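Step one of this worksheet: look at the structure below.
The values are calculated or read from the model by the stated rules, or taken from the named source; none is laboratory data. Bear in mind the structure is a predicted one, so any value in this text is a computation, not a measurement. Because the Cβ atoms are built from the backbone with ideal geometry, glycine has one as well, and the counts that use them run over all protein chains shown.
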Amino acid sequence: MTPIIRIRNLRKSFGTKHVLCGVNLDIMEKSITAIIGQSGTGKSVLFRSIMRMIEPDAGEVWFHDTDLARLPRDEMLRIRSKFGYSFQNAALFDSMSVAENIAFPLREVVGIKNNKEIRKRVEKLLDWIELPGIGKMHPDELSGGMRKRVGIARSLAMEPEILLFDEPTTGLDPVLAETIHALVQRVNRELGITCILITHNIPGAFAISDRIAFLDLGEIVAEGDPKEITRSNHPLVREFLVQSFRELDV
Amino acid sequence: MLAALKSAVEKTGRYFAFVGEVVASGFRKPVRVLRYVEEIEHIGVNSVPVIFLSGLAIGMIFALQMVSLLQPFQAEIGTGAAVAVALAREFSPIITTLMLIAKNGSAMAAELGTMKVTEQIDALESMSVSPVQYLVLPRVVASVITFPCLTMLSNIVGVLGSYIISTTLYGIDAASYSSYMFNVLKPIDIYIGLVKSSIMGFMVSTICCWYGLGVSQGAKGVGDGATKAVVLSSVSILLGDYIMGSIVMMKIFQ
């Protein structure tokens, strides 16, 4: 597999707080990569820096052969449409119905003007996430799991090459979390989209990911496939994994 | 003290940078005509009843006061002219804008603030859709267009209210009242008020949207942002009106 994203020495500080302190990471094309680590170690900042939703202070983010960190803003906006972002709380537009939420990127990003074509694609996406017939509902009428799936459908409407999942299972019960993980796998296997997820659901991350990266204090301290990570000698990684799997055993 | 001053200067600088971004976004594609129409309906059309009632009330109150002041000098025939000129130049733009701040300014700040804390603004950015161009620009354009329209409505119903009070309650001759009013009231009086209200629409919408997009810290932040937006825009339009009024008096009526 070849890397679709290569991150080199990425740094970001807020005032005196150094959040990313030289992140180096390769994301392989058409793989699922999970980024794990303790809360407040800069995982969300890493996501936003990759997409230049916040400006990194230094470093490189190579997407294919383009350094996103040095792209002019207009060019970056064009390339950003190749990325989908599934937010922790779905971030659905609450003034719009489910169908309008999914239609939004079709109109604004993909540039489809034909309403019939938009309706067709919206229905296809709702069928694909196994929530047919909810197009007329509003986000406040949906459960947490349904909102997350609609959020994923909205991201898929953009036809992205890469989909970033920000804590996709947070706040969900284990059965729903399993459903979301299965959906992430389908996005990857059926649609061939590279998936990167930030998660605190360690067993889930180990079950679905091809590669796992452990972020601590703004640096990647361990990286590899799930088996390599379980064999890591890094004390914090070991402690984190022991705690996570012990909770599961209980 | 020095730190507070520095913070105020920084905030003012950031506000003007934001205003620059709003103006620049108006020259970029795409042009979303439907978004402008939606905001014109929301800010303008839906505010007609409020402005109608407040304009009518102001005209009637003003007439009551003017007649009682002018009657001892047997000059009550000038009530219509005094009310019309005062409304056109000052009171309609100010009252209309204050009413629109209460109805729409606070809503702008609260809506955008809620979108900010629920990551809806981030969602727009992640789709390469500029929140300034998609959310702020239509509100600013709609305000610049609808504030003068609503001010004109306020002028008309204010004069009507004054006419009703003066002719029915105080028995002032209707023909003399109207004739004197139209002799004194000049088109420039109306134009000045409309231009002022358009400028005020720009100030109110940019201030309220700026506070909305600057919200943090959840529900409390949204409430604080909306309150600050209302207070600052109200104070700004009053100060702005004084400055514009002074310039107009020096340049036009001197």
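Descriptive notes on the structure:
This table checks each residue for (1) surrounded by fewer than 20 Cβ atoms within 10 Å (Cβ to Cβ); (2) of a type in the set (S, T, N, Q); (3) within 14 Å of chain A (Cβ to nearest Cβ); (4) under 18 Å from residue B:208 (Cα atoms).
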{"site": "B:45", "(1), (2), (3), (4)": "yes, no, no, no"}
{"site": "B:61", "(1), (2), (3), (4)": "yes, no, no, no"}
{"site": "B:71", "(1), (2), (3), (4)": "yes, yes, no, no"}
{"site": "B:104", "(1), (2), (3), (4)": "no, yes, no, yes"}
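- Residue match in the range B:85-93 (condition: closer than 30 Å to residue B:212 by Cα and of a type in the set (Phe, Trp, Tyr)): yes
- Evaluation of residue A:94 against the conditions (1) in contact (Cβ under 8 Å) with a residue 40 or more places away in the chain; (2) surrounded by 15 or more Cβ atoms within 10 Å (Cβ to Cβ); (3) within 13 Å of chain B (Cβ to nearest Cβ) shows that the sole unmet condition is (2).
- Residue check, residue B:109 touching a Leu at 6+ places or on another chain (Cβ under 6 Å), crowded, with 18+ Cβ neighbours inside 10 Å and more than 14 Å from chain A (Cβ to nearest Cβ): no
- Apart from one condition, residue A:185 fits all of (1) buried (at least 21 other Cβ atoms within 10 Å of the Cβ); (2) under 26 Å from residue A:134 (Cα atoms); (3) away from chain B (no Cβ under 14 Å); (4) of a type in the set (S, T, N, Q); the exception is (1).
- In the range B:143-157 there is no residue that is among the hydroxyl-bearing types (Ser, Thr, Tyr), part of a helix (DSSP H, G or I) and over 20 Å from the mean Cα position of the chain (by Cα).
- Options A:210, A:249: the member that is farther than 13 Å from residue A:37 by Cα and either touching a helix residue (DSSP H, G or I) at 6+ places or on another chain (Cβ under 6 Å) or at pLDDT 85 or above (or both): A:210
- Residues located in the range A:189-203, provided they are closer than 14 Å to residue A:37 by Cα and more than 12 Å from the chain's Cα centre (by Cα): A:200, A:201, A:202, A:203
- If the condition is being crowded, with 21+ Cβ neighbours inside 10 Å and among the polar types (S, T, N, Q), then the range B:73-102 contributes B:79, B:92, B:96, B:97.
- The range A:105-117: number of residues that are part of a helix (DSSP H, G or I) and out of contact with any Lys or Arg (no Cβ under 7 Å at 6 or more places or on another chain): 7
- Counted as qualifying within the range A:125-233 are the helices (runs of 4 or more DSSP H) with 3 or more residues that are within 23 Å of residue A:41 (Cβ to Cβ), namely A:174-191, A:202-208, A:226-230.
- Residue within the range A:89-105 that is of a type in the set (Val, Ile, Thr) and in contact with an Asp or Glu (Cβ under 8 Å, 6 or more places away or on another chain) present: no
- Qualifying residue in the range B:126-139 (condition: more than 24 Å from residue B:63 (Cβ to Cβ), more than 11 Å from chain A (Cβ to nearest Cβ) and charged (D, E, K, R)): yes
- Odd one out for residue A:108 among (1) within 14 Å of another protein chain (Cβ to nearest Cβ); (2) touching a Gly at 6+ places or on another chain (Cβ under 7 Å): (2)
- Members of the range A:30-81 found to be farther than 18 Å from residue A:13 by Cα, at pLDDT 90 or above, within 15 Å of the chain's Cα centre (by Cα) and not β-branched (Val, Ile, Thr), listed by number: A:30, A:31, A:34, A:80
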